[in-house]
Amino acid sequence: MNGVSGRMGYRQHLVRSILAIREQGGVLLSDGTRVQVEPILVGRSEAKLAELAAKHGIENYTTNLDEALADPRWQIYSDFLVTRARSAAIRKAIAAGKAIYTEKPTAESFEESLELARLAAAAGIKNGVVHDKLYLPGLQKLKRLIDSGFFGEILSVRGEFGYWVFEGDWQPAQRPSWNYRSEDGGGIVVDMFPHWSYVLENLFGRVESVYARTATHIPTRVDENGDAYTATADDSAYAVFELEGGVIAQLNSSWVVRVNRDELVEFQVDGTLGSAVVGLFGAKVQPRVATPKPVWNPDLADSHDYDADWMELPTNDVFENGFKTQWEQFIRHVVEDGPHEYDFLAGARGMLLAEAGLESSRTGRRIDLAPLDESALVSAEPEETDSAPDAASDHSTSALSPAGV
């Protein structure tokens, strides 16, 4: 486990996933047996690693990644480093023949993400990318609604994500300063569009195009040392995604918004037979037969309680931590070849969407995305042309191209 001293690596992956799995006696396999897990912590600070190991009863830790990768005891390499450091470490793990499970984005660019997917495929190693949002109770309830046909024909999706991240002057920021420096891999598009990619494609359909506008609303912030710095990365993004089948998704992502909703992220899905509003945990619905008939009258205050027209869905299942659930799925994938479709290629699609969003904002144009499937794992020789390729589509898959609006 590389990078466990970071916020996500420690809380979600080490404590709430791997240590929770170890505490329960391992991962239950299809034949009824269990496979136990044992972590080795990898990082730059031996003191921090020793502290974590002592706190949680972990025997093994090291500051030498190469030695850990060379040791046959460790079968899975997991990466929770900052984005800019991830690709080099994953390349080492591929060369060592390890199964790999990593946070997203898998690399700083689509080109590099796709190259990692190709290298992993060529090496024949199992690989997975965190898709934690799909395992959240709210989105699992939404998936059940979709599968049941509740919506009829799905027409649109509207999503709001974000919260106010303090500037760091009068209150410490809730996010690290590198998140706001593009040169360090920061930006809300690179952080959130890979999430939107897998949420949209797994629930509603492949993203066929994106039109986005990014902004850096807070140009100056204060870092962890109390020093002011220039924010060079986007802190907000406003996007329209066109999905296969004609579904339109509008998603706002912002670290500069004050929350006036039930949860930090909410999606409203509207269909011909009904609508739903879901968050990380909650889900409420309004079927066609229970839809009120609003009439707008600008001369009179509207006294109707629209919130009362929605019905909260019951929680009929026990939903465990989404990170832990996906970890268990990936371990079954490694040990007994169980299903796990969220691989490096899915990670590359996420980075493709992020780059398309940034390109759209730069050019003011809608960007079309061609399908990126298993055929992309075979490198194609570039064809000779008489002119230089367009910057937005300079890769062998031709997966991203600008379209006039």
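Annotations
- Computing FRET efficiency as 1/(1 + (r/R0)^6) for residue 373 and residue 66, where r is the C-beta to C-beta distance and R0 is 30 Å, gives about 0.30.
- FRET efficiency for the residue 299 to residue 7 pair, using the beta carbon distance and R₀ = 35 Å, is estimated at 0.10.
- Overall shape: oblate for the stretch 100-225, with the ratio a/c of the largest to smallest alpha carbon gyration tensor axis at 1.5 or above and b/c at least equal to a/b.
- Rounded to whole Hz, the Karplus (6.51, -1.76, 1.60) HN-Hα couplings of the stretch 73-83, x for glycine and proline: 5, 9, 8, 10, 9, 10, 10, 10, 6, 4, 4
- Per-residue ³J(HN,Hα) for the stretch 335-347, Karplus 6.51 cos²θ - 1.76 cosθ + 1.60, θ = phi - 60°, Hz, x for Gly and Pro: 7, 10, 6, x, x, 6, 7, 8, 9, 4, 5, 4, x
- The distance between label points at residue 46 and residue 170 comes to 4.5 nm (points 7 Å beyond Cα on the Cα→Cβ vector).
- Relative to the Cα centre, the charge distribution of the stretch 2-50, modelled as +1 at Lys and Arg Cβ and -1 at Asp and Glu Cβ, gives a dipole magnitude of about 280 debye.
- Net charge dipole size for the stretch 61-155 [Lys, Arg +1 and Asp, Glu -1 on Cβ; Debye, nearest 20]: 260 debye
- Residue-level accessible surface for residue 216, protein heavy atoms, 1.4 Å, Å²: 60 Å²
- Sequentially through the stretch 201-217, phi angles give Karplus couplings (6.51, -1.76, 1.60; θ = phi - 60°) of 6, 8, 9, 10, x, 4, 6, 9, 7, 9, 10, 9, 9, 9, 8, 10, 5 Hz, Gly and Pro residues having no value and appearing as x.
- Dipole-positive endmost among 268, 282, 313 within the stretch 216-335 (Cβ charges, Cα centre): 313
- Shape of the chain, Cα gyration tensor, a/c cut at 1.5: rounded
- DSSP-defined beta bridges in the chain - what % are antiparallel, rounded to 5: 70 percent
- Cβ-based charge dipole, the chain, positive-most Cα from 37, 154, 204: 37
- Within the straight-line cut-off of under 19 Å between alpha carbons, the aspartates and glutamates reachable from residue 92 are 66, 67, 71, 79, 103, 108, 111, 112, 115, 343, sequence neighbours fewer than 8 places apart in one chain being disregarded.
- Overall form of the stretch 57-112: prolate. Here a/c, set by the Cα gyration tensor axes a ≥ b ≥ c, is 1.5 or more, and a/b is the larger of a/b and b/c.
- Longest DSSP-loop-exposure-free segment, chymotrypsin sites (Phe, Trp or Tyr not before Pro), the chain, at most 11 other Cβ within 10 Å: 1-169
- Label reach from residue 336 (point 7 Å along Cα→C-beta): in the stretch 20-61, amide nitrogens under 14 Å belong to 26-36.
- Cα-based helix-to-principal-axis angle, 46-56 vs the chain, degrees rounded to 10: 70 degrees
- Alpha-carbon centroid distance for the pair the stretch 16-88 / the stretch 144-220, whole angstrom: 29 Å
- In this label model, residue 250 and residue 56 are separated by 4.2 nm, measuring between points 7 Å along each Cα→Cβ vector.
- Relative to the longest principal axis of the Cα atoms of the chain, the long axis of helix 110-123 lies at roughly 50 degrees.
- Taking 25 Å as the limit for the C-alpha separation, the pairs 104/284; 55/324; 55/133; 143/324; 55/98; 48/126 exceed it in the case of 104/284; 55/133; 55/98; 48/126.
- When you restrict to C-alpha pairs under 8 Å that are six or more residues apart and normalise by the size of the stretch 151-273, the relative contact order lands at 44 percent.
- Degrees between helix 137-148 axis and first principal axis of the chain (Cα, 0 to 90, nearest 10): 60 degrees
- Chain lengthening between residue 28 and residue 144 when straightened (0.36 nm per residue, less Cα-Cα): 39.3 nm
- At most 10 other Cβ within 10 Å, DSSP loop - trypsin sites (Lys or Arg not before Pro), the stretch 164-244: none
- Here the chain is treated with +1 on each Lys and Arg Cβ and -1 on each Asp and Glu Cβ, and its dipole about the Cα centre works out to around 920 debye.
- Distance between the 7 Å Cα→Cβ label points at residue 311 and residue 264: 3.2 nm.
- Accessible area per residue for the chain is 49 Å², calculated with a 1.4 Å probe on protein heavy atoms, without ligands, DNA or RNA.
The values are calculated or read from the model by the stated rules, or taken from the named source; none is laboratory data. What you see is a predicted model; the values in this text were computed from it and never measured. We place every Cβ from the backbone using ideal geometry, glycine too, and count neighbours over all the protein chains shown. Just so you know, the surface numbers come from the protein's heavy atoms only, side chains and all, with ligands and any DNA or RNA stripped out. Shrake-Rupley method; radii C 1.70, N 1.55, O 1.52, S 1.80 Å.
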